[in-house]
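Undergrad: Before we start, here is the structure in question, set down as structure tokens.
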Amino acid sequence: MSGEYMRRLALAITNGVIDRATANTGIVRHDHYCAALVGEGDCDCDPDITIHRADGRIVQVLADGTIRDAQ
């Protein structure tokens, strides 16, 4: 499974807002019609991505790979 959510996470890593050398926990909430959920291909929705960073911050990954505080 790949697609939009993986693109956003890769951008966030490239932008340096998610550290490469740390463990982070992520939650990806897909839209109900997402092709990845219905077994028709890669993620093609506008997923809500929340990351619990190693430094304790909880952030949301936006479409351009930037983040904002989730709380």
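Since every read-out is calculated from the coordinates, none of them should be taken as a lab result. What you see is a predicted model; the values in this text were computed from it and never measured. Here Cβ is always computed from backbone atoms with ideal geometry, including for glycine, and neighbour counts include all displayed protein chains.
Undergrad: Looking only at Cβ-Cβ distances, which cysteines of the chain have no other cysteine closer than 4.7 Å?
TA: When partners are defined as cysteine Cβ atoms under 4.7 Å apart, the chain leaves CYS43 without one.
Undergrad: Kindly put ARG7, ARG20 in sequence by how many other C-beta atoms sit within 10 Å of each C-beta, fewest to most.
TA: In order of increasing Cβ crowding within 10 Å: ARG20, ARG7.
Undergrad: With N residues in the chain, what two-decimal value do you get for its Cα radius of gyration over 2.2 N^0.38 Å?
TA: 1.09
Undergrad: Name the residue, out of THR50, THR25, THR14, whose mean-square fluctuation peaks in a Gaussian network model built on the chain with Cα pairs under 10 Å.
TA: For the chain, modelled as a Gaussian network with Cα springs under 10 Å, the answer is THR25.
Undergrad: By how many degrees, 0 to 90 and rounded to 10, does the Cα axis of helix 4-14 deviate from the longest principal axis of the chain?
TA: Around 20 degrees separate the two axes.
Undergrad: Could I ask something else about it? In deg cm²/dmol, rounded to 500, what helix-only [θ] at 222 nm does the chain give when every DSSP H run of at least 4 residues adds -39500 (n - 2.57) and the total is split over its residues?
TA: -4500 deg cm²/dmol
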